[in-house]
Amino acid sequence: VQLQASGGGLVQAGGSLRLACVVSGRTSSSVAMGWFRRAPGLEREFVASISRSGAGTYHEDSVKGRFTISRDDIKNTLYLQMNSLKPEDTAVYYCAASDIIDLCGSLPTQFNYWGQGTQVTVSS
């Protein structure tokens, strides 16, 4: 499985971005997926995940109500819609896929495929 993330950029606080992650090598409907992020000097942290079926989603508390994870298995693409962005959302965002679990994971060890990351910078 190869994952290609895109959609990052520079945005002012309060703005929006939509990240996309294209899955290749197998159909996206065969994997659970998620987004993680790493801010400078900090550990990688969980952002959101979606089950293999797409029926279940799980968002980390600090992004709940602002970010929405979704998937389009016809396009083999995972999305993260980010609204009301804050400077503390600045990080490199990574998409991840798992054929270890079917439901929503939140630990990096539950995901065995990773994309290259896309930078999101939110200015105040």
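The values are calculated or read from the model by the stated rules, or taken from the named source; none is laboratory data. Here the structure is a predicted model, which means the values were calculated and not measured. Backbone-built Cβ (ideal geometry, glycine too); neighbour counts: all protein chains shown. Areas reflect the complete protein model, heavy atoms only, side chains present, ligands, DNA and RNA absent. Shrake-Rupley method; radii C 1.70, N 1.55, O 1.52, S 1.80 Å.
Only one of these is of a type in the set (Gly, Ala, Ser) and closer than 18 Å to residue 3 by Cβ: 55, 97, 39. Name it. Please lay out each step first, then the result.
Values: 55 fails: closer than 18 Å to residue 3 by Cβ; 39 fails: closer than 18 Å to residue 3 by Cβ.
Answer to the selection: 97.
Among residues that are among the aliphatic types (A, V, I, L, M) and surrounded by 14 or more Cβ atoms within 10 Å (Cβ to Cβ), residue 55 is not included. Among strands (runs of 3 or more DSSP E) entirely within the range 1-41, having at least 1 residues that are among the basic types (Lys, Arg) singles out 17-24, 32-38.
Scanning the range 67-107 for residues that are without any contact (Cβ under 8 Å) to a residue 60 or more places away in the chain, open to solvent by less than 40 Å² (accessible area, probe 1.4 Å) and outside any strand (DSSP E or B) yields 76, 89, 90. In the range 1-49, of all residues being among the basic types (Lys, Arg) and surrounded by fewer than 18 Cβ atoms within 10 Å (Cβ to Cβ), the one that is farthest from the chain's Cα centre (by Cα) corresponds to 26.
For the range 49-66, a residue qualifies if it is part of a strand (DSSP E or B), touching a Leu at 6+ places or on another chain (Cβ under 9 Å) and of a type outside the set (Ser, Thr, Tyr), and exactly one does: 50. Only one of the numbered conditions (1) open to solvent by less than 50 Å² (accessible area, probe 1.4 Å); (2) in contact with a helix residue (DSSP H, G or I) (Cβ under 7 Å, 6 or more places away or on another chain) is not met by residue 124, and that is (1).
Which of the residues that make up the range 108-121 are in a loop (DSSP other than H, G, I, E, B), touching a Leu at 6+ places or on another chain (Cβ under 9 Å) and open to solvent by 50 Å² or more (accessible area, probe 1.4 Å)?
Taking the range 108-121 as the starting set, the residues that turn out to be in a loop (DSSP other than H, G, I, E, B) are 111-112, 115-117.
Add one more test, that the residue is touching a Leu at 6+ places or on another chain (Cβ under 9 Å), and what stays is 115-116.
Answer for the range 108-121, where residues must be in a loop (DSSP other than H, G, I, E, B), touching a Leu at 6+ places or on another chain (Cβ under 9 Å) and open to solvent by 50 Å² or more (accessible area, probe 1.4 Å): just 116.
Please verify whether the range 28-49 includes one or more residues that are modelled with pLDDT of 95 or more and of a type in the set (S, T, N, Q). Yes, that holds for at least one residue.
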